[in-house]
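Just below is one structure, and these are the notes that go with it.
Any read-out appearing in this document is the output of simple, stated calculations on the displayed coordinates, not a laboratory observation. All values derive from a computational prediction rather than experimental measurement. As a convention, Cβ positions derive from the backbone with ideal geometry for all residues, glycine included, and neighbour counts pool all protein chains shown.
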Amino acid sequence: MYGFADMVSLTFGAPDVQRTGSNTTLLQTPESLLPGDMLVQANDRAGIGHHVQMVTRVSPSSIAIMQGNSSGVIVRPFTTIMRIFGRNRADPQSASYAGMGVENGHYTLGEDGWDYRNETTGAEVKNFLKQFQLYRWNFTAFNQ
């Protein structure tokens, strides 16, 4: 039996966050971010979201985030082949589930943009925020 968290993991993805006008509103600048806003990595894939980070704290020079990640191969055609064999990399109850625990990270305003550091893995990327679109839940119109 699937609980709420499992159903969200199975059916809701980064492109769903990008549905402005119903689910979310698009923000224009990092300076407008508030805790609870979302960073959707999409600018590196023709605007199609594929990764979401949740803002937890903001200051003029830093943005703290939490994010889910995945392990293994999670791209087509590999995922399609896995489904043919009855395995779904997006299903938390599948033995082939690719999800991992939540990780912490932050962005720091640098000379060339917002630099990223994953506090869980130690990974760092200069000016990484440029790959993201910024969103806020549109609570007044959500699910209407």
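What nm value, rounded to one decimal, do you get for the distance between S61 and T120 when each label is placed 7 Å out toward the C-beta?
2.8 nm
Is there a quick way to get the dipole size of the chain? I mean about its Cα centre, with the Cβ of Lys and Arg at +1 and of Asp and Glu at -1; what is the value in debye to the nearest 20?
460 debye
Using a simple spin-label model with points 7 Å from Cα along the Cα→Cβ vector, what separation in nm is obtained for S70 and R87?
Here the modelled spin labels are 1.4 nm apart.
Send over the Kirkwood Rh of the chain, from the inverse of the averaged 1/r over different Cα pairs, rounded to one decimal Å.
This gives a value of 16.4 Å.
Show me, bin by bin at 5 Å from 0, the whole-percent P(r) of the stretch 47-97 based on Cα pairs.
5, 16, 20, 18, 13, 10, 8, 6, 3, 1
Per DSSP H run of n ≥ 4, the term is -39500 (n - 2.57); total these for the chain, divide by its residue number, and report the mean residue ellipticity at 222 nm rounded to 500 deg cm²/dmol.
-3000 deg cm²/dmol
Note down the nm distance, to one decimal, between modelled labels 7 Å out along Cα→Cβ at T20 and at A46.
The modelled label-to-label distance comes out at 2.0 nm.
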